[in-house]
Amino acid sequence: MKKIMSSKFVALGLALFMVISILGTSLAPAGQIFAEASAGSGLEATAAERINVADATYAAAEYLLKGGVQSDWQAIGLAQAGYKLPASYHSELEKKVKDAAGNFANVTDYARIVLAVRAIGADPTSFAGNGTTPGYNLIEKIYNNSKLSEQTLNNPVYALLALDSGKYNIPSDAKWTADKLLTEILSKQNPDGGFALTSGASESDMTAITLTALAAHKNNPEAYLAGLQAVAWLSAAQDSHGGYGDSAESSAQAILGLTSFGVDPSGLEYTKNKVDLMENLLSYRLADGSFTHSRGGSSNVLATEQGLQALVAYNLLYKGSNSKLYDFSKSSVQSSLIYAPVTIEGPRATLAQGYAYAGNALGALEKLALQTNLPITNPSGSYVTGIGSIAAGSFGGYDGWMYVVSRDGKWINPDVGMSDFVLKDSDQVLVYYAGDDTKLVDSVTLSKANLKEGDSFNVIVTSKTWKWDAATNTSSPVTAKAAGVQVQIGAQTVTTNAKGEAVFSGNVPAGDYTLTVTGYREGKAPTVAKYTKAIKVISKNVTASLTVEGPEGLISEGTLKASNALEALQQLGSTDDFKVDITKSSYGNFVSGIHGVSQGTYDGWWSFVVSRGGEWIYPSVGMDAFELQESDRVLVYYAGENTQVIDSVALSPTQPKANEAFTVKVSQKKWVWNQDSFTSDPVTSPAAGVQVSIGDKKVITNEQGVAVVDGGLPANSYTMTVTGYAKDSVPSVARYTQSLTVGSSVIAPAKATATLSVIGDSRKGTILASTTVALKEGETAYSLLVSQLGTKVVSSGNAGSIYVKSIDGLAEFDEGPSSGWKYKTNRDADPSISADSYILQNGDTLYWYYTSGE
């Protein structure tokens, strides 16, 4: 029996046919854009524009990267553009989720973070965990969210984008599945095909981001029809400049929505007065690669991050890739562009040095050359024959441009062309002019690890080259002493001898230097490619702290400059007027008395240890031979055979509360001679029987080294002192001090509130008088405004980058080209983040005001 389609389906099919008839050929299912282009969509005619779009993409991305990744939206755009996100961003994202224990106030926060987690290649169903603790399931937080249908259309739209960002197992009984979210979204579509944030007239930004979410559901007839209607609305809503008002962000959002749906935003349907939507976006671009919010304005971070996302999405569409920017389900993020240092060394000097984002060695060279206005001659596309004014064969032989890559501290001599050498993290590219005998500097070592002014030292240089082995058809590395090269440190230049050694005779002043090795020759290519290394020559005298502990108490302490431990002790004695006795012996000089306490008193002697980097050092040399380093802490103490130093002091709880008991656990350290290794080995143990003094409390530690402070202490700041004094004897431990703060008892906070006022221009006056409002969890400067004024607030942008365009009919630019709405609080007179990211605190005063911008 023949099937008969329902009247609803027939009507839907007719509606689809009508929309397609209106839009023409610019509509193309994702992945078929090239087929449509060959059929005459006009894509070929905009090839030059696409080159500009590619350049604009790189420039915008690298503008943002220079300032560090400041938002999750930036991270998403950068990752999809092919840039490797900094490890610091990974850490910050994990920390943000851990600090919040996986709980956020808004659905849009969960959605944004899910997309960011996908951008770094991680799993949002188990994120920010560790080897023993599972991560947080951020996807579950979305599909089981009880607040999703509240507030604005942003909630279901961004929730759907997050659920579509990967392949997740969504339970059938979840509060929100993709189908339920679609139903919620479609119920909000206006008759004209557009969407609004809350209710009322359709808005370009909301229509665009909704279209972005619908793009993944084109197989759903109702969602597809809604998408086509939104596509048509975005065309009809364009102004005479090809955009949506004077706003880069609105153009960017429209491009993102259209490309996600497979529609070319540079097509005829999106061209008004010969300006298409892509050209409109690029009209906001500045020379440094950033974007302005409005024409004639200055760089704007929100406009730049949204501009980048739009450019990336357009490039993806043009390449025939998955052009849904927020969809990470079909392929992992390609982080192929590495931030690599690049150096171009000519035959006489360095031509350029810098960093470039590139996927291969040639790309890195070309990027640096572009940055430094250095022309590159590469007629074949794979062999560089000239850089700047220096062409291959300049010295009449087989000289020319070469390249090598340093990876993990070792030189690689590539056997492929520059365009085929794929870069990896930590790679360093060196492009250098070479002859047949030019070598590389393989290593530079100094005869002294820590150079001090006045030191004599040697610099040992080795070189590396590669010799072709005809039998194996491979190049084998050969290292040798680099004789006859010049080593420069500051104003001094020394030529290496036959052993590759440059001898510096004790006249290098303290300072930071760039050690440079060169092999320049007149009329020839260099013997070695120029090499540089940062070194530091420290002052003979460094800043160190010194404490002198006698058998019955502190003798003196202070901070001073000295070259060795004995000099520091003698300086402190001179300053604080105590005598230091030095005895000479066949084993060297040693301290035999301090401040009247002579060696032998109580069968003891004077000893010293040094704390460096938080660890005790037990020197194997005398005080006069122990060279100090910056920030060393020297402890000189009177000791016997069993005297130890305090190794650590731990409190439980770590932050004691007022008048509540707490414990202090003390461990001690001594050094025991090892006859097998002929070394003194550290041994730690509980410091039993020592006295812990805090304020008027004095407690003796038990056998486990624990002192119990019953009843606690009043809230205050204290100095905690650990001692082991004994009458007519050496101490069991050297005195130790540590600061301690006892906090106030926790007081339950009152219900959080904030005060809001909204002031317009001189004609509009006060829109909302000062009003105290109870704060919801995670309340932001934007959400509080919307909660009080509702549809009177008109805004644009993504979650995390909301821009308020109008309040109560008073809109941006009404009072001039720089006029518009701003906000401030009692804590921040000029917040640098979007209002929907600014979390309010109890007692805040929020002030929205209209400014002329002058």
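Output the residues belonging to the stretch 412-429 that are open to solvent by less than 30 Å² (accessible area, probe 1.4 Å) and either under 18 Å from Tyr357 (Cβ atoms) or outside the structural domain of Ala483 (by the TED database) (or both).
Met418, Phe421, Leu423, Asp427, Val429
Taking the options Ser447, Ser463, name whichever one is under 22 Å from Tyr531 (Cβ atoms), without any contact (Cβ under 8 Å) to a residue 60 or more places away in the chain and of a type in the set (Gly, Ala, Ser).
Only one candidate passes the filter, namely Ser447.
Out of (1) of a type in the set (Gly, Ala, Ser); (2) open to solvent by less than 50 Å² (accessible area, probe 1.4 Å); (3) in contact (Cβ under 8 Å) with a residue 12 or more places away in the chain, the odd one out for Ala726 is which?
Evaluating Ala726 over (1) of a type in the set (Gly, Ala, Ser); (2) open to solvent by less than 50 Å² (accessible area, probe 1.4 Å); (3) in contact (Cβ under 8 Å) with a residue 12 or more places away in the chain leaves (3) as the failure.
Residues of the stretch 255-294 being touching a strand residue (DSSP E or B) at 6+ places or on another chain (Cβ under 6 Å) and either outside the structural domain of Thr212 (by the TED database) or assigned to a helix (DSSP H, G or I) (or both), which ones?
Within the stretch 255-294, Tyr270 is the sole residue that qualifies.
On the basis of being part of a loop (DSSP other than H, G, I, E, B), open to solvent by less than 60 Å² (accessible area, probe 1.4 Å) and without any contact (Cβ under 8 Å) to a residue 40 or more places away in the chain, does Ala201 make the cut?
The answer is no for Ala201.
Looking at the stretch 778-845, what strands (runs of 3 or more DSSP E) fall wholly within it and have at least 2 residues that are open to solvent by 20 Å² or more (accessible area, probe 1.4 Å) and not assigned by the TED database to the domain that holds Leu256?
Those strands (runs of 3 or more DSSP E) span 803-807, 820-825.
Just checking: which of the strands (runs of 3 or more DSSP E) contained wholly in the stretch 644-696 hold 2 or more residues that are touching a residue at least 40 places away in the same chain (Cβ under 8 Å) and closer than 24 Å to Val730 by Cβ?
Per the criteria, 645-652, 662-674, 679-686.
Outside the structural domain of Val649 (by the TED database) and either assigned to a loop (DSSP other than H, G, I, E, B) or open to solvent by 70 Å² or more (accessible area, probe 1.4 Å) (or both): does that describe Asp761?
Yes.
Exactly one condition in (1) in the same structural domain as Lys452 (by the TED database); (2) over 30 Å from Gly400 (Cα atoms); (3) assigned to a strand (DSSP E or B) is false for Asn507; which is it?
Here Asn507 clears every test but (3).
Cβ-Cβ under 9 Å, sequence separation 6+ or interchain: first residue in the stretch 598-609 and in contact (Cβ under 8 Å) with a residue 60 or more places away in the chain, partner open to solvent by 50 Å² or more (accessible area, probe 1.4 Å). Which pairs?
Tyr602/Asp728; Asp603/Glu641; Gly604/Glu641
Identify, by number, the condition in (1) surrounded by fewer than 12 Cβ atoms within 10 Å (Cβ to Cβ); (2) closer than 27 Å to Ile387 by Cβ; (3) touching a Phe, Trp or Tyr at 6+ places or on another chain (Cβ under 9 Å) that Pro477 doesn't meet.
Failing condition for Pro477: (1).
Quickly run through the stretch 689-706 and pick out the residues that are open to solvent by 40 Å² or more (accessible area, probe 1.4 Å), over 15 Å from Tyr725 (Cβ atoms) and of a type outside the set (S, T, N, Q).
Gly695, Asp696, Lys697, Glu703
Restricting attention to the stretch 545-557, does a residue exist that is closer than 30 Å to Gly396 by Cβ, modelled with pLDDT of 95 or more and in a loop (DSSP other than H, G, I, E, B)?
No, that holds for no residue.
Are there helices (runs of 4 or more DSSP H) fully within the stretch 87-197 with at least 1 residues that are assigned by the TED database to the domain that holds Gln70 and in contact with a Lys or Arg (Cβ under 6 Å, 6 or more places away or on another chain)? List them.
107-119
Considering only residues that are open to solvent by 40 Å² or more (accessible area, probe 1.4 Å), of a type outside the set (Ser, Thr, Tyr) and in contact (Cβ under 8 Å) with a residue 24 or more places away in the chain, which ones fall in the stretch 382-406?
Residues satisfying the conditions are Phe395, Gly397, Met402.
For the stretch 362-375, what are the residues that are open to solvent by 30 Å² or more (accessible area, probe 1.4 Å) and touching a Ser or Thr at 6+ places or on another chain (Cβ under 9 Å)?
Passing the criteria: only Pro375.
The values are calculated or read from the model by the stated rules, or taken from the named source; none is laboratory data. Note that the structure is a prediction, hence the values are computed from the model and not measured. Counting neighbours? That spans all protein chains shown, and the Cβs are built from the backbone with ideal geometry, glycine included. What goes into the accessible areas is simple: the full protein's heavy atoms, side chains included, and nothing from ligands, DNA or RNA. Shrake-Rupley method; radii C 1.70, N 1.55, O 1.52, S 1.80 Å.
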